[in-house]
Amino acid sequence: RTMHPPASRRMDPMALQPQPADFPRIRKALSVYKVTSVITGTMLLLLCAVMVMKYAFKVELFLFTPNGFAEFMPIVPDGQEEAFVRPGFNLFKAFLVAHGWFYVVYLISNFMLWSPMRWPFWRFLVLALGGVVPFLSFIMEGRIVREVTADLARREAALASEAPQIPITAPTTPEGRS
């Protein structure tokens with residue numbers, strides 16, 4: 001038995017479609033999405049590098065320590081954090097916090113794009129996964145930008161072909177002369 005994919009949204013006349021009045025808003029949301037997806041993807045890769053350093057090599061990176069600008073220090077055993085006061089700025093914790101907050105911004109940008117495009121909820125979930133699955137935000141960014149740009153161009157062309165063509169005439173004076 002073969003499984004057939006569900007009908008495309010474009011083929012289903014009952015599916016919700018973006019409204020022409022929302023096209024400028026969609027373009028702005030797409031610009032925000034492009035930026036946030038690249039930043040979130042980069043932050044996620046840095047976070048993955050931090051996790052490898054912490055759990056595979058058992059070190060953390062501190063900046064501005066008495067021994068220099070940057071120094072790798074062994075991680076503190078669980079439950080003994082209060083006994084070890086580390087000098088300097090823990091760059092690994094900063095990456096964790098920055099990624100967490102920027103992921104919230106990324107989710108907002110996803111919503112800003114998903115809502116006026118009137119996509120199904122599963123598309124929002126896939127977009128959201130881009131911030132937690134390494135490299136997915138980069139893949140999704142390219143794909144979504146191409147898809148939305150082509151979709152808007154197709155819809156605008158269809159609207160332009162449906163618009164009534166009004167002939168342009170020379171203005172006339174009140175006496176009826178041109």
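The values are calculated or read from the model by the stated rules, or taken from the named source; none is laboratory data. Given the structure is predicted, the values throughout are model-derived calculations rather than measurements. The accessibility values were calculated without ligands, DNA or RNA, using every heavy atom of the protein model including side chains. Shrake-Rupley method; radii C 1.70, N 1.55, O 1.52, S 1.80 Å.
Summary table below
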read-out: Lysines with Cα under 29 Å of residue 34, excluding same-chain neighbours fewer than 8 positions away; value: 93
read-out: Accessible surface, region 14-165, averaged per residue in Å² (probe 1.4 Å); value: 60
read-out: Fraction of accessible area attributable to carbon and sulfur, region 17-104 (%, probe 1.4 Å); value: 70
